[in-house]
Every structure is written in structure tokens, then in C-alpha cells.
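The values are calculated or read from the model by the stated rules, or taken from the named source; none is laboratory data. Computed from a predicted model, the values in this text were never measured in an experiment. We place every Cβ from the backbone using ideal geometry, glycine too, and count neighbours over all the protein chains shown.
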Amino acid sequence: MCGICGFTGSPDEATLARMTAALLHRGPDEDGFYSDGSVNLGMRRLSIIDLTTGRQPIHNEDKGIWTVFNGEIYNFRELRKDLEEKGHRFYTDHSDTEAIVHLYEEYGDDFMHRINGMFAIALWDKRRERLLLIRDRMGVKPLFYALVNGMLLFGSEIKAILAHPAYRRAVCPEGVYHYFSFKNIPAPFTAFEGIYCLFPGEMLVFSRGGMEKRRWWKIRFEENGALDEAEARERILALLEDATRLRMISDVPFGAYLSGGVDSSSIVALMTRFTDRPVKTFSLGYEDELSNKEADLYYARKVSAAYGTEHHEYIMSYRELVEDIGAVIGAFDQPFSGTISTFFLSKLIRQHVKVALSGDGADELFGSYLSHRVAQPLWHFGRMLGKVRSGTLTDEEKCLFAPCDMKLLEDLYGKSGGEEAAWRCSLYLFSDREKKSLLSGSFLAGARGADTYALIRGKFDELTARNPLNRILEMEWNTQFPDQVLAFVDFLSMAHSVEIRSPFLDYRLVEFASTLPGSLKIRNGNVKDILKRTVEPLLPGGITKRPKEGFVLPIFDWMVEKLRDYSRETLSEGRLRKHGLLNAEAVQEVVRSYYAGDRAYAGKVWNLMMFQVWWEKYFGDAGR
């Protein structure tokens, strides 16, 4: 695991060193550089595989191909064996990175299809004078770029690009416009003008002929209605087990996140099959006595006891959130108001291991969130609208609306007429209409007519799935999942030099799960039904039956009293008027409504707070 960066053009050792140093937290063990007059590559290394000889940049036999690489290739041993049989010569002992340059030699621009792993790759073909930037299938590893004065700048994090003197820092209104709906900036936009994010499964090629991009992988939902459920469960377990085994390959100690939910508990259970030592597990708790959060610790301890893990807990308070909120935003380099729990638990993990496995991706594959729970019932609601209104539904038909109550479905249908993009957008924070009054006139002018509904409508138009649930899963797999979920997993763990590996994101399991009918994923109102049935024999009693409790901080509980003064001060008119990007009166109305008792505004207040913290850090008095 590393942080990579670089730029094309003439050598500039000082600039390359400054960009690389900005990524120190991603690789505290060592650095590495390459410059040849046409390209400059830098990296910071978190040594996990081949600690002694695996230093980057890595080259091929004649040093005509060079790479810096962030991530892990889980099938590197098989790849190396195959490449050696084809005549390639390796100079490292067992570096997974070295497989990249030889794969490119052997298979050209399509070499990534042979890799099972998570990766952001910069590969320089010296003979052909072309630089390739490649992001993994799911988007586990981030990669950003900017084209400035004919130079291509790139980095694992935006801060590396900000460290290049050729880039002039400016807000991207179009990207930030969508933040107030999504809680994150959607790719390819970032919060900075001219800096972009590669999509998952995308390749960028930069050469004398210019710059071109193409998607080399994208999830496709081709539901197999004839699939035997017993065989499907057997296949899921076999794939998940092998994915877990592969992600335990490491030359350094590793552990696992353990929230006490189905996903992380399943991974811990499978890990015990491949080690004769106690698995190190880590859970997050809080000083406050919150029943929903106490349940996490209770069930995590239950799993730990069942599998004899070496269990550790990190207990935090709201004060730590206030103290670290600037560091959290600094990890993203962008405004972000999604889940940030990973930042705090990773403080504990780094004291024990460099690598931790997690259950990330299961919710997005098998269906768990509100938007997932709503998809099929709302489709049935529209299909049987006449019977709904006449009150003539049979008991069997009423079961089709589980787990949603009719009031929620009536409300969503009334807002959207059942149209997918419309009802999905109604679940986001601020609507396009609300943003017209929330954002200042100058900000809206700079956003160049940005339209969040139109953006989401376009995503739905690209879908391959037919089933209502799978359509939502596919849409969010290409948007919310990489831009928000995988973002907080990567940035907030790497802020503490911890590498996270997610077995549920093995591309073989992802591609198989995309063939499952939606009716197997959420059945009779039970979320992730087929997954729960698959892993239930592995887990202590009660784990698969407990209510869903996301791995999120109790921020909204804290905001009612403990964060009241902090939130009001952060969003004070004086601080808002320093940038003039928001309508101060509209913001104050949101804050007043929340503290007057309308708790539905909690997410909006937090969203606005995180934007203000970001702007002050990167553009305010404390910025630069």
C-alpha cells in the first residue's frame, strides 16, 4: 500500500519531493523517485509485501517500463509463475508490484483484466513515451489528475496535486453544488477547479498525441432467474472464503474490523480458517450510553468470544470529534458529511497492525440501505396503485410492501410518481429547488447550470439491470459506493497508515452477486436475505437477526446538546460571509429549524458544517 504521485515534463526534484511528502501518511516506511526528462514519478511506501526488495518505482528487465503502484495484487504469485514460464525475469524476491511491468509487456493495455486486487497504477512506457493511469474495478484505491499548461499532474490524493506550483487553487462550483445533495463530491468532479477523479475501472493514457480515457471494466447486472438458491449460497460462501484467504497474504501482522454485524462478523469467522493464531479484532464504542451503540460492542464481544480473537476496543467522545474534525476533512481534501467512524477506530488499529480486513461492500451487493429497502415495494405500489387506493389488497399482496410502511411509500410516490430518479433524489439531503435558495447567486452562476436530478437521471439511463432493487444497487454501485463509501474507507484509514482489505469486493464475488435476482437479496422485508442465510451457520446466535446499525458515529445524538454551540459557531453569519458562497439567511433558517425541534434537519446542519470546515481549511485564513 502506498501513495503515488507525479507529473509529466522536465525534471523538478524539489516539486516531486514536495508532492511525495504530502502523502507521507500513506507510506511512512520509505520513499522512491524516478525522473527521465519526460516523466517524474514519486511514491511513499507502506511496506506489506516483500519488505526488503519490493521498493518502488519498479522497472522491467531493460528499464524501459516503470511503475509506481498503490494497492495490493492478491493473485501475484500465480501471475509471477505464469510470466516466468513465458520468459520474464524478476529481480525482486516476491514483490506484487513487479508483476505489473511484466503483465504490460506481455498483454499490453489490457493487462489489468488479469489482476485480482485493489490498485491505482501509474505506468510509464519510456519507449513509446506514454503514461498510463489506471484505477481498479471497484474504485477501492483513489486516483486524481489535472492537466495544467500541457503537463499531466496526478496523485493518490488531491493534496499531492495542490503541492505542485503550476496548479492554482480554486473552488469547483459544479462539483461542490452536488455535495449538498450527496454528502460527497461525485466523480469525475472534485471540489477543486481543474482537478478530476478517475472513475472506477477507468484508464487514462497521456502521450504526445494527447490524453484519452476509457472504461476497462464496469459492473453489469444480468439476473439469472433460473438460479438454484442452494447452489447460489454455496457459490457465495466459496467465493467469500477464497477472497478472505487471498486478503490474508501479508508479510506483516493483520487484523479485522468487528462491529458485531453480519458482514464484519462473517469475515472474522472465515479468517479463523486460515490462521492458527488469534485474529486481532477492533471495535469502536462511545462514552455516551447509547443503546444502539452499546449493542455493537455487545455483539462484537460475542463474536470475539466465539472465535477466540484478540479483541481491542476504542472508546471515544464528542470532544474528540471536535478536536479532529479538521484532520478528517484534511484526509479527504474535500467537503464530506458521510460516515467518518473509520478515522477514529484506525487510531487504535495502527497501534497493533498495518492491515485490517473489513466487511465493506456487502450492503451494496445484497441490499440494506433505505433506498434498497424501498425499491421493490415502491415498484409494487405503483403497479397496484388502484388496489392500494381502493383498499382491496389481499394479505399476500400486502406482504410485497415489506419492510416499508404504507405512509412512506405514499409519500415517495406522491413526490415522484414512482419515477426512479425522482424518488431516489427525494432521499438526498438538499434538493435542486432547495439549493437555489441555499447557494448564493455568484456560486450558482459558477456552477454552470449544474442539476443533480439530471445527473442521477443520466445514471439510471445507463443501467443494465431490470429488477427494481438491482437497478438501485447498480446505480449506487457506480455513484455513492465509490464516491462516498470507499472514499471514507480509504482516506480515513490511510490517514493513520492502515490498509483496509474488503473480501466482499473481490471482483469474482461482485460479478456473481450481480446475477442474483433482487427477490433473493431482500425477501419478505429481510435485507441481505441470501447472504444472511449463507453465513448464519458461521455466526453466534442473534447476529443475523439484530437490527441494522451502520458503522456511523452518533453525531446526530451529540448535535442535540453537546455539539450545539460548536455547530452554531461554525455556521455563524460572520464566518459564512467570509466566502459568500452560501445564503447566510437560508443557512440560519436550517439551523434554527433544527434546534427548534425539527430533527429532520440534522443531516443538513452537519452537511453545512463540514462544508464550512473544508472551506476555511483550504481557502480561509488557515488555508494554503
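Key figures
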{"item": "Residue that is surrounded by fewer than 20 Cβ atoms within 10 Å (Cβ to Cβ) and either part of a loop (DSSP other than H, G, I, E, B) or within 23 Å of the chain's Cα centre (by Cα) (or both), where the choices are 260, 326", "result": "326"}
{"item": "Subset of segment 329-386 [among the polar types (S, T, N, Q) and either in contact with a Lys or Arg (Cβ under 8 Å, 6 or more places away or on another chain) or farther than 16 Å from residue 264 by Cα (or both)]", "result": "334, 337, 339, 351, 358, 368, 371, 376"}
{"item": "Hey, residue 371 outside any helix (DSSP H, G or I) and hydroxyl-bearing (Ser, Thr, Tyr) or not", "result": "no"}
{"item": "Those residues of segment 435-458 which are in contact (Cβ under 8 Å) with a residue 24 or more places away in the chain and either of a type in the set (D, E, K, R) or touching a strand residue (DSSP E or B) at 6+ places or on another chain (Cβ under 9 Å) (or both), in sequence order", "result": "435, 438, 439, 440, 443, 446, 447, 448, 457"}
{"item": "Residue match in segment 343-359 (condition: at pLDDT 95 or above, outside the structural domain of residue 424 (by TED's automatic domain parsing), within 27 Å of residue 569 (Cα to Cα) and not small (Gly, Ala, Ser))", "result": "yes"}
{"item": "Candidates 245, 277, filtered to the one that is surrounded by fewer than 23 Cβ atoms within 10 Å (Cβ to Cβ) and farther than 21 Å from residue 361 by Cα", "result": "277"}
{"item": "Scope segment 502-553; condition outside any helix (DSSP H, G or I), surrounded by 17 or more Cβ atoms within 10 Å (Cβ to Cβ) and modelled with pLDDT under 95; matching residues", "result": "551, 553"}
{"item": "Close pairs (7 angstrom Cβ cut-off, 6 or more residues apart or separate chains): among the small types (Gly, Ala, Ser) in segment 195-214, surrounded by fewer than 21 Cβ atoms within 10 Å (Cβ to Cβ) anywhere", "result": "201/215; 201/216; 201/217; 201/218; 207/129; 207/130"}
{"item": "Within segment 376-457, helices (runs of 4 or more DSSP H) holding 2 or more residues that are crowded, with 17+ Cβ neighbours inside 10 Å", "result": "406-416, 420-425, 432-438, 441-446"}
{"item": "The one condition in (1) part of a loop (DSSP other than H, G, I, E, B); (2) surrounded by 22 or more Cβ atoms within 10 Å (Cβ to Cβ) that residue 227 fails to fulfil", "result": "(2)"}
{"item": "Set 297, 290, 240, 227: member being modelled with pLDDT of 95 or more and hydrophobic (A, V, I, L, M, F, W, C)", "result": "240"}
{"item": "In segment 468-501, residue surrounded by the fewest Cβ atoms within 10 Å (Cβ to Cβ) [restricted to those that are outside any helix (DSSP H, G or I) and of a type in the set (Gly, Ala, Ser)]", "result": "497"}
{"item": "Selected residue (criterion: nearest to residue 72 (Cα to Cα)) from residues of segment 480-509 that are of a type in the set (Val, Ile, Thr) and out of contact with any Phe, Trp or Tyr (no Cβ under 8 Å at 6 or more places or on another chain)", "result": "498"}
{"item": "Which listed residue is closer than 30 Å to residue 159 by Cβ, among the hydroxyl-bearing types (Ser, Thr, Tyr) and surrounded by 18 or more Cβ atoms within 10 Å (Cβ to Cβ), from 358, 317, 371, 304", "result": "358"}
{"item": "Selection from segment 350-401 of residues that are touching a Pro at 6+ places or on another chain (Cβ under 6 Å) and charged (D, E, K, R)", "result": "373"}
{"item": "Hey, residue 215 touching a Leu at 6+ places or on another chain (Cβ under 7 Å) and either under 28 Å from residue 475 (Cβ atoms) or among the aromatic types (Phe, Trp, Tyr) (or both) or not", "result": "no"}
{"item": "Matching residues, segment 233-274, being closer than 11 Å to residue 534 by Cβ, touching a helix residue (DSSP H, G or I) at 6+ places or on another chain (Cβ under 8 Å) and of a type outside the set (Asp, Glu)", "result": "233, 235, 236, 237, 239, 240, 262, 266"}
{"item": "Number of the condition not met by residue 416 [criteria: (1) farther than 19 Å from residue 469 by Cα; (2) under 34 Å from the mean Cα position of the chain (by Cα); (3) among the hydroxyl-bearing types (Ser, Thr, Tyr)]", "result": "(1)"}
{"item": "Segment 132-159, subset of a type in the set (Gly, Ala, Ser) and buried (at least 24 other Cβ atoms within 10 Å of the Cβ), residue farthest from residue 200 (Cα to Cα)", "result": "155"}
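Per-residue answers, yes or no, for (1) without any contact (Cβ under 8 Å) to a residue 12 or more places away in the chain; (2) in contact with a helix residue (DSSP H, G or I) (Cβ under 6 Å, 6 or more places away or on another chain); (3) surrounded by fewer than 19 Cβ atoms within 10 Å (Cβ to Cβ); (4) assigned by TED's automatic domain parsing to the domain that holds residue 116:
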| position | (1), (2), (3), (4) |
| --- | --- |
| 29 | no, no, yes, yes |
| 41 | no, no, no, yes |
| 48 | no, no, no, yes |
| 66 | no, no, no, yes |
| 70 | no, no, no, yes |
| 75 | no, no, yes, yes |
| 92 | no, yes, yes, yes |
| 96 | no, yes, no, yes |
| 100 | no, no, no, yes |
